[in-house]
Structure formats: C-alpha cells, structure tokens
Amino acid sequence: MSRSRRAASGFISGYLMVAVTLAVQMVMIPMATGALDGDEVGLWGLTQRLAYLFTLLDLGLLPSVSRLLMDHKDSPESLDYRRTLSAGAAATLMMCAVTVGVTLLAAFPAVAWLKVPEALRSEALFLFLATGLTIAVSGIFRITMSMMYAWQRHDLVNYAQALGQLANLAVFWWALRSGHGVRSAWYGQAVLSAVIGLSTVLALAGMGRLKDLGRLCWPGWPAVRGVLGFGLDLFWVSLGTQMALNTQGMILGRVQGLEATGVWEVATRPFMALSQLVWKVLDASAPGLSELIVKDNRAALEQRFRQVVTLTTIFAAVAGVGLTVLSGLLVRNWCGPKYAWPWTNDLLLGVWLFVISIYRCHCTLPILQKSIAGMRWVYVAEGTLSVGLSLVAARFWGVPGLLTVAAATATLTSGAYGLWRTQGTFGVRLREVFGWSSVSFPIWMLGLGVGFFLAPLHITPWWLEFGLKSVVLGGLCGIVGFRYGLDPGLKDELVRRLPGPSQRVARGVLGA
C-alpha cells in the first residue's frame, strides 16, 4: 500500500473511530446523568480524566518505540530492528510495574486533595485503584500498538478502538442496569482496554508480524536506556499537555465541589469530540511525514506539512464556530438544562480548541524529527503555569477564567515555541508560517455572522433545528475554507479520491 493510500485509509478509519466514540459518549451522558446524582456524575467524569493521566506513566513509550521502529522496519530481519523491538518490550514492562507502584502510593492522597465527599470516598478510592491497575495491565499491549503504528497501520488500530468503544457502551449500560452505580465507568473502561489490546494482537497475526515478538532477546541496558531516553522526552511533553488539557475539571471539583465537575464534564463533551475530529488530520498524516523525514526529502516535507497545517486550520475554525453556536443547544436538550452554561463559555471553548489545534501541528513536527530539545521544558512550563493560574482563576472567575487561562498559556508557551521551530526548520519567515492559517479569519467571521442570523430560528423537535443549523453552518464555512484555503495540489488530490460522478461537483465547489 502506497504512502498516500495508507494516509487516506488512516484518515477515513480515524474519522470512523471518532464518529463511533462520539456516538458512544453522547449515549452514555444521558445514561449517566439519569442514573447518578450530581456528585456521582462528577466522579464519573473524573474517572475518565484519571485514565488519561495514568497513560502518562508509560513515559511516552508508545510514540517513541513506534518512531524508532520506523527507522528499521524496511529490514525486519535485521539485528537493529530486533534489538529496538526488544528494548521497547523491556521498557514497556518496566513502566507497567511503575504504574502499579504509583497507583498504590497516590490513591489516598489524590482522593484527599480532590476533597471528595465522605459518602463517596470508598467509591473514589476503588475507581482510582482499579483504573490505575487496569492501565498497568493493559500496558503490555503498548508494544503491539507501537508495531502497528510503525508499520503505518493506523487504520487497524482505529477499527480496534471503535470496536472497543461499542463494547464499553454495552458493559456500561449493563452495569448501570445491574445497580453498580458509578463503578460502571470502570467496568466499561476495563473492557475497552481488553478489546483494543487483543484486537491489535490479532491484527499483527493477520499481517504476519506477530512472529517478531517471538524473536525478542535481552537487548542490553544501552538499548533500553536509548528507548527510555527518547520516551522520557515525550513524557515531559505529554505531562505538560495533560496538565494543560485535563486538569480543569479536577480544579473545579476542588474549588467548587464535585457537582461543578459534573457540569464541566458534560458541557465540554462536544469540545472533546470535536478535538478528536480536528486532530485526526495530523494523526493520520504523521506516518507519512515521518517517512519523508527518514528519507530526508525536505521539499516534499515542507509542502505536505504546510497542507496539513492548512487543513487542520480549516477543521479547527469550523469546529470552533460550531462549538460557539451549537454546543449549548445540544447540551441543554440532550443532557438537561442543569448542564448548560452561557454561550460565552462555548465561545471561549471554541477559541481554545482553535489555537491548540494549530499549535499542536507545529509542536508535533520536532517530535517526528526526534529533535525535541528544549520543547519538553516548554510544555512543563505551560502545564505548571496553566494549573497554577487556573487554581486562582477558578476561585475568582469560575469557568470563563479557566478557559481564558488555558488559551492564553497555550499561545504564550508551546504555541510561540512551535511557530519558532517551524520557522527554523524550513527557513521561512514567521509571516509566511502565519499565512498557512490565514483562512481561519473569514471562516470565523462568516460562521459567527451566520450563527447570529440563525439564533432566532427555533424548530421543533430540537434535533431538527440542530441538524439544520449544523448543515448550513458547516457547509458554508467548509466551502469557504476548502475553496480559498487549500493549495491547488491538495485540491486535486482530494478530488481524485472521490467517486467519478462526484468529482465534477467537487471541482466546482473547490474551484479546482
């Protein structure tokens, strides 16, 4: 399969996975809010945040091992490939043991810091311990996922994650119906981890690469330290990212109580879903970019990266406008008015999603180049600054303060650094780098104008209103973005991938 076909397959399967995840999450929200009280909904949301934070304890091994394997995958019988794979497996088992230790040591202090109500202390401890130990056990499958990414089979991993989400929903529904309460969240997460892990093993067997794990050997401490060294750099990047992205709900819980955390977790679900949709553009393109880096094809790398940034900008701008205009309508009617908040919060969410999506592109390129350098400390500074300022902002200004701090710290730290690194990598002016995202301005202006015009329009049932406004808003903003933002080469590439009868229509819409 060619690089472009792999990228297309990863792109399509990635959006299928996101669509399934979005559908599962939207179904789970009314199930949770209907069966659990306000504090329990907050604890349910915190459990999912804990799962994200526990994945940090792999010290970045999943992306680092896959990136290192990519250097040698063209010679899978070579000693270098075997040694790298063995070092990755050894480091993975070490990190699983570390995760167990951290879970056991941190459970009680974490529950105390979060100020969980006395009635829910035992449930919180169970969820903390069970989530951490589940992440530790499922960590053994990280080496199989690293192999899948190295062989550029993102599509199979995406299908496994989609299947796991459906199993998660089924088990969560059964557990709630059986009276397991807030512990139902862990039951679903455990099945999700098991399905994804076993699916990657079966996929490797189908590819004929499972035999590689049968040739593992002790690679020696220098090889293990090499894997851990690159992984440790990624760990600091991931730590800062998670501190900046996934601590707001915990901070609200400490300052205002678990019920405020529940509102945050429900009201930000559209943000979480749309961020996955937007970020899949870069995720699907990463293997192809890595291959261009390995082959040192600088001209092709610059062209493809510029296209990825522009495409991400378009998706992020449309998503940001959608959050501003439509998120409140969805949350208020689907989850209940208790979980709705002012539209200004949704506007700040949209701006935050927009800026971090663009900066994520510029900060991922150095990772793919294995040239992280000082970026790890930039991310640590961003996370530390974000948490510190958020603790103050939540107390005095609530949710608007949290969102303003999040967007501002991202812009002043990782955003500024990533733009500087891109400028240096390709030897272009900063003004030109900004130009790759210039299409965002007309999208935002058009989207907010159309949203203001459609605001008085109310249709019954509410989902018809939501669907109509989504189609109009997304269609107009998407056409403007694709027509005036994409370069001719990418337009032609996108048109060629469409079925024959639709190509003429697409060329007219895109101006290709």
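A quick yes/no check of all residues on (1) under 17 Å from residue 138 (Cβ atoms); (2) among the basic types (Lys, Arg); (3) over 20 Å from the mean Cα position of the chain (by Cα); (4) in a helix (DSSP H, G or I):
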site	(1), (2), (3), (4)
158	no, no, no, yes
182	no, no, yes, yes
187	yes, no, yes, yes
192	yes, no, no, yes
Might you check whether a residue that is out of contact with any Cys (no Cβ under 6 Å at 6 or more places or on another chain), in a helix (DSSP H, G or I) and of a type in the set (Ser, Thr, Tyr) occurs anywhere in the stretch 167-179? no
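Which one is farthest from the chain's Cα centre (by Cα), of the residues in the stretch 456-486 that are over 16 Å from residue 315 (Cβ atoms) and in contact (Cβ under 8 Å) with a residue 12 or more places away in the chain?
Here the answer is 457.
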So which of 90, 110, 136 ends up being in contact with a helix residue (DSSP H, G or I) (Cβ under 9 Å, 6 or more places away or on another chain), among the small types (Gly, Ala, Ser), free of Cβ contacts under 8 Å to residues at least 24 places away in the same chain and part of a helix (DSSP H, G or I)? 110
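Residues of the stretch 484-504 being among the acidic types (Asp, Glu) and under 19 Å from residue 443 (Cα atoms), which ones?
487
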With respect to residue 367, is the statement that it is in contact with a Leu (Cβ under 8 Å, 6 or more places away or on another chain), among the β-branched types (Val, Ile, Thr) and not in a helix (DSSP H, G or I) true? no
Every listed condition ((1) within 26 Å of residue 480 (Cα to Cα); (2) in contact with an Asp or Glu (Cβ under 8 Å, 6 or more places away or on another chain)) holds for residue 294 save (1)
Any hit, the stretch 44-51, residues being within 21 Å of residue 127 (Cα to Cα), of a type in the set (A, V, I, L, M) and modelled with pLDDT of 80 or more: no
So, of the residues in the stretch 96-107 that are over 21 Å from residue 253 (Cα atoms) and free of Cβ contacts under 8 Å to residues at least 40 places away in the same chain, which turns out to be surrounded by the most Cβ atoms within 10 Å (Cβ to Cβ)? 100
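List the helices (runs of 4 or more DSSP H) inside the stretch 404-512, counting only whole elements, that have at least 1 residues being closer than 22 Å to residue 363 by Cα.
416-426, 430-435, 440-454, 462-485
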Every residue in the stretch 335-350 that is crowded, with 19+ Cβ neighbours inside 10 Å and part of a helix (DSSP H, G or I), please. 339, 345, 346, 347, 348, 349, 350
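The values are calculated or read from the model by the stated rules, or taken from the named source; none is laboratory data. Please read these numbers as outputs of a predicted model, since none were measured by experiment. Cβ: placed from backbone, ideal geometry, glycine included. Neighbour counts: every protein chain shown.
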